[in-house]
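The structure under discussion appears below in the form of structure tokens.
The values are calculated or read from the model by the stated rules, or taken from the named source; none is laboratory data. Note that the structure is a prediction, hence the values are computed from the model and not measured. Ideal geometry is used to build each Cβ from the backbone, glycine not excepted, and the neighbour counts take in all protein chains shown. Accessible surface is based on the protein model in full, side chains and every heavy atom, while ligands, DNA and RNA are left aside. Shrake-Rupley method; radii C 1.70, N 1.55, O 1.52, S 1.80 Å.
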Amino acid sequence: QVQLVESGGGLVQAGGSLRLSCAVSGTIFRINAMGWYRQAPGKQRELVATITSGGTTNYADSVKGRFTISRDNDKNTVQLQMNSLKPEDTAVYYCNANAKVRSIGYSFQDYWGQGTQVTVSS
């Protein structure tokens, strides 16, 4: 199976920065898009940012200009640089990868990390 391991979450004050990282491992054939999603208390999970294997990015309006997503295709990692953090950014952040394993008969599907807490104080 495919595993996603996240790191970098924590507690920061408003205006501060955090950098989230996610490493994908397993019997992977190929990874297409990767991304970050978040779920705040009382809200549904929402897209934060995605990046294709070719480097095309997409951001939620609420984070444009503040967050930057990047990836290393050789290392199978994806990062999220979070600057100018606001209290409304407080949420559990989940790493996502659309991937296909090496085994025959498997198609591409989404895999998720365990989630990492980001808390921004005011």
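Output yes when any residue across region 77-85 is farther than 14 Å from Thr116 by Cβ, out of contact with any Leu (no Cβ under 7 Å at 6 or more places or on another chain) and at pLDDT below 95, and no when none is. Checking region 77-85: not a single residue is farther than 14 Å from Thr116 by Cβ, out of contact with any Leu (no Cβ under 7 Å at 6 or more places or on another chain) and at pLDDT below 95. Among the residues of region 92-122, just one is open to solvent by 80 Å² or more (accessible area, probe 1.4 Å) and among the β-branched types (Val, Ile, Thr), namely Ile104. Of everything in region 73-122 that's of a type in the set (Gly, Ala, Ser) and part of a loop (DSSP other than H, G, I, E, B), which residue is farthest from Ile51 (Cα to Cα)? It comes out as Ser122.
Val24 meets all of the listed conditions (1) under 14 Å from the mean Cα position of the chain (by Cα); (2) more than 16 Å from Gln1 (Cα to Cα); (3) part of a strand (DSSP E or B) but one, namely (2). Across region 29-46, the number of residues qualifying as part of a strand (DSSP E or B) and within 15 Å of Gly113 (Cβ to Cβ) comes to 8.
Selection of region 11-21 for residues being in a strand (DSSP E or B) and either closer than 16 Å to Ser122 by Cβ or touching a helix residue (DSSP H, G or I) at 6+ places or on another chain (Cβ under 7 Å) (or both) yields Leu11, Val12, Gln13, Leu18. Name the single residue, out of those in region 74-88 being closer than 14 Å to Ser21 by Cβ, in contact (Cβ under 8 Å) with a residue 60 or more places away in the chain and of a type in the set (A, V, I, L, M), that is surrounded by the fewest Cβ atoms within 10 Å (Cβ to Cβ). Result: Leu80. Collect the residues in region 37-73 that are within 13 Å of Asn98 (Cβ to Cβ) and either surrounded by 16 or more Cβ atoms within 10 Å (Cβ to Cβ) or modelled with pLDDT under 95 (or both), keeping them in residue-number order. If the condition is that a residue be within 13 Å of Asn98 (Cβ to Cβ) and either surrounded by 16 or more Cβ atoms within 10 Å (Cβ to Cβ) or modelled with pLDDT under 95 (or both), then Tyr37, Thr50, Ile51, Ser53, Arg71 are the ones that fit. Restricting attention to region 12-32, the residues that are over 25 Å from Ser84 (Cβ atoms) and either open to solvent by 20 Å² or more (accessible area, probe 1.4 Å) or of a type in the set (D, E, K, R) (or both) total 8.
Is there a residue being assigned to a strand (DSSP E or B), farther than 30 Å from Thr27 by Cβ and aliphatic (A, V, I, L, M) anywhere in region 58-72? Taking every residue of region 58-72 in turn, none turns out to be assigned to a strand (DSSP E or B), farther than 30 Å from Thr27 by Cβ and aliphatic (A, V, I, L, M). Residues of region 102-122 being in contact with a Phe, Trp or Tyr (Cβ under 6 Å, 6 or more places away or on another chain) and at negative phi, which ones? Across region 102-122, the qualifying residues are Arg102, Trp112, Gly113, Thr116, Val118.
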